1. Does region 29-52 contain at least one residue that is in a strand (DSSP E or B) and closer than 26 Å to Lys111 by Cα?
2. Taking region 124-164 as the region of interest, how many residues are within 17 Å of Lys111 (Cβ to Cβ), touching a residue at least 12 places away in the same chain (Cβ under 8 Å) and β-branched (Val, Ile, Thr)?
3. Using the structure shown, decide if Lys7 is of a type in the set (Lys, Arg) and touching a residue at least 60 places away in the same chain (Cβ under 8 Å).
4. Could you list, in sequence order, all residues of region 83-142 that are of a type in the set (S, T, N, Q) and either within 14 Å of the chain's Cα centre (by Cα) or over 30 Å from Ser67 (Cβ atoms) (or both)?
5. Among the numbered criteria (1) part of a strand (DSSP E or B); (2) buried (at least 23 other Cβ atoms within 10 Å of the Cβ), which single criterion is violated by Ile73?
Amino acid sequence: MEQAYGKVHRYGDNVDTDVIIPARYLNTADPAELAAHCMEDIDQEFVKRVQPGDIIVADKNFGCGSSREHAPIAIKAAGISCVIAETFARIFYRNSINIGLAIVECPEAAKEIKAGDMVRVDFDSGKITDETTGKTYQGQAFPPFMQKLIDRGGLINYINGEEQ
């Protein structure tokens, strides 16, 4: 896990788990099925636009609402390599790390990066580069053990010594 690179999908404040993956789809734990409905209640075109490696950028309190781990699973399975936000709901933050979804808090980047920008995130340094504008931001770097956890696809794989 050295870096993420992709096109930005942009959202505002308080994107809750009910719009990330609507409750009507919680009868499955299949990541592909969850991905097919990711963000549909807030952005009907998301699953048509998203490409592997893309990045979500949002404002405050991303992932608020219920504590369902289906939300970060849907985001990761949809192809998102990283979520950058001003702040994250704490349970979403923990669930994301536990399932191997990279997330970075960086208020400056969250305020300035626009939809469609091409962004690179270096997880070793925490440096976020908006390659569209040339501007860089300093996010929080992941400690090595968290990078290993994310690289292996989450906590269970990490504990079991499995590779993703």
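Each value in this text was obtained by applying a stated rule to the coordinates, not by laboratory testing. Everything numeric in this text was worked out from a predicted model, so none of it was measured. When we count neighbours, we look across all protein chains shown, and the Cβ atoms used for this are built from the backbone with ideal geometry, even at glycine.
1. no
2. Residues flagged as within 17 Å of Lys111 (Cβ to Cβ), touching a residue at least 12 places away in the same chain (Cβ under 8 Å) and β-branched (Val, Ile, Thr) within region 124-164 amount to 3.
3. Spelling it out, Lys7 is indeed of a type in the set (Lys, Arg) and touching a residue at least 60 places away in the same chain (Cβ under 8 Å).
4. Thr87, Asn95, Ser96, Asn98, Ser125, Thr129, Thr132, Thr133, Thr136
5. (1)
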